[in-house]
1. Could you please give the count of residues in the stretch 155-197 that are farther than 12 Å from K236 by Cβ and in contact with a Gly (Cβ under 8 Å, 6 or more places away or on another chain)?
2. Please go through the stretch 275-290 and pick out each residue that is assigned to a helix (DSSP H, G or I) and either surrounded by fewer than 12 Cβ atoms within 10 Å (Cβ to Cβ) or within 36 Å of the chain's Cα centre (by Cα) (or both).
3. Do we have any residue at all in the stretch 299-313 that's in contact with a Phe, Trp or Tyr (Cβ under 6 Å, 6 or more places away or on another chain), at pLDDT below 95 and of a type outside the set (D, E, K, R)?
4. Filter the stretch 136-148 down to the residues that are open to solvent by 20 Å² or more (accessible area, probe 1.4 Å) and touching a residue at least 24 places away in the same chain (Cβ under 8 Å), then identify the one that is farthest from E241 (Cα to Cα).
5. Of everything in the stretch 26-60, what is open to solvent by less than 50 Å² (accessible area, probe 1.4 Å) and either more than 32 Å from the chain's Cα centre (by Cα) or aromatic (F, W, Y) (or both)? Give them in sequence order.
6. Would you check which residues across the stretch 243-257 are open to solvent by 80 Å² or more (accessible area, probe 1.4 Å), over 26 Å from Y199 (Cβ atoms) and either touching a residue at least 12 places away in the same chain (Cβ under 8 Å) or among the small types (G, A, S) (or both) and list them?
7. Are any residues in the stretch 61-83 open to solvent by 90 Å² or more (accessible area, probe 1.4 Å), over 18 Å from R32 (Cβ atoms) and free of Cβ contacts under 8 Å to residues at least 40 places away in the same chain, and if so, which ones?
8. Conditions: (1) in a helix (DSSP H, G or I); (2) modelled with pLDDT under 95. S20 meets all but one. Number of the miss?
Amino acid sequence: MHHLSKTMCALALCAFILPSQAADPEVQLLVRHKGITVDTKNLDQELELLSSKEREKVLADANDLQATVTGLYFRKRMSQLAESQGLLADAKVNAALQQAREATLAKIVTDRYLADIDYPDFEEEARSYYQENIEEFTPPERIRAAHIFLQAPKAADKERRRGEAEKILKQLRKGANFSELAKEHSEDSSKHMGGDLGYFTRERMAPEFNAVAFSMQEKGAVSDVVETRFGLHIVKLLDREEPDPKPFDAVAGQIKERLKSEYRYENFSAWLKQQAPPDVVRVPDARLKALQSELAQRYGVDLPETEVSADEASATIDPSDAARP
């Protein structure tokens, strides 16, 4: 929970912290100031409106708990001031209150519907998904390779140094030790390990390097000179891993959660279409354009020259927006 401003906190500190004076012995009075009271019942109601995670955070920190009490008092006090200033007679204020009421009720009714959905166990569906998408649960291919690297970031550098790289390659073809030549000639930190780059996936190296390195099948194979944006490489394949898929039991929970989410979305979407059919909120195109022009003139808004037709736009309700005003 966000802490309130120093002004708000100072306001709370000016309040009287009193022992229980409420009629209900279970309810303890916490604050009384300018005709405003905050008691433990109010605090309970505030905590009930939080998610379990937010509630846990508030209760774990006395400062957060104090900020909640302060926020309660501040909200009540500002509401009291608004009423004393006659703001309830203001049409815009009442429109805002009505909007807030409708949005709150919309959120509550949709949240309760979602909470009451009866889910299957998804065991059979999860196994089918696993079999049909086995590659999704298979770790990416990894190889272990070494290289001899000559820096040549520009095309002119590559042309100038290619002869040097070809000379090193010729020595390798004649049986020279790759590790020793890497220590002697390579121009990056891997030279200290004889050019060994360790195990890596395709995402780690430059595309041109990967194309050659991952195409090599036989351990100990040495490539021709490879060009990348960094320079010139001679690659040696040291090892190749063929990873096995993760077992079903290790990913079953993950798959079921995905299936549950899809089931919830489809179920909720069908319910929304039944409760608020998209076609009933669609305004005929001609009427919408006339309304748009009228409202733009009233509010001083300059309309663009072309507008997307209402018939071209989707009028379906997104479940994530169902509770928004």
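The values are calculated or read from the model by the stated rules, or taken from the named source; none is laboratory data. Since this is a predicted model, take the numbers as computed values, not measurements. All Cβ positions, even for glycine, are placed from backbone atoms using ideal geometry, and neighbour counts span all protein chains on display. Ligands, DNA and RNA are excluded from the accessible area calculation, which covers all protein heavy atoms including side chains. Shrake-Rupley method; radii C 1.70, N 1.55, O 1.52, S 1.80 Å.
1. Result for the stretch 155-197: 6.
2. If the condition is that a residue be assigned to a helix (DSSP H, G or I) and either surrounded by fewer than 12 Cβ atoms within 10 Å (Cβ to Cβ) or within 36 Å of the chain's Cα centre (by Cα) (or both), then Q275, P278, D279, V280, V281, A286, R287, L288 are the ones that fit.
3. Within the stretch 299-313, none of the residues are in contact with a Phe, Trp or Tyr (Cβ under 6 Å, 6 or more places away or on another chain), at pLDDT below 95 and of a type outside the set (D, E, K, R).
4. So the first thing to find is which residues in the stretch 136-148 are open to solvent by 20 Å² or more (accessible area, probe 1.4 Å), and the list is 136, 138-142, 144.
Checking which are touching a residue at least 24 places away in the same chain (Cβ under 8 Å) leaves us with 138-142, 144.
Numbers: T138: 12, P139: 10, P140: 9, E141: 6, R142: 5, R144: 8 Å.
Among those residues, the one meeting the criterion is T138.
5. Step one: filter the stretch 26-60 for residues open to solvent by less than 50 Å² (accessible area, probe 1.4 Å), giving 27, 29-31, 33, 36, 38-40, 42-43, 46-47, 50, 58.
If the condition is that a residue be open to solvent by less than 50 Å² (accessible area, probe 1.4 Å) and either more than 32 Å from the chain's Cα centre (by Cα) or aromatic (F, W, Y) (or both), then V27, L29, L30, V31, H33, I36, V38, D39, T40, N42 are the ones that fit.
6. none
7. Selection gives E83 alone.
8. Tallying (1) in a helix (DSSP H, G or I); (2) modelled with pLDDT under 95, S20 fails exactly one: (1).
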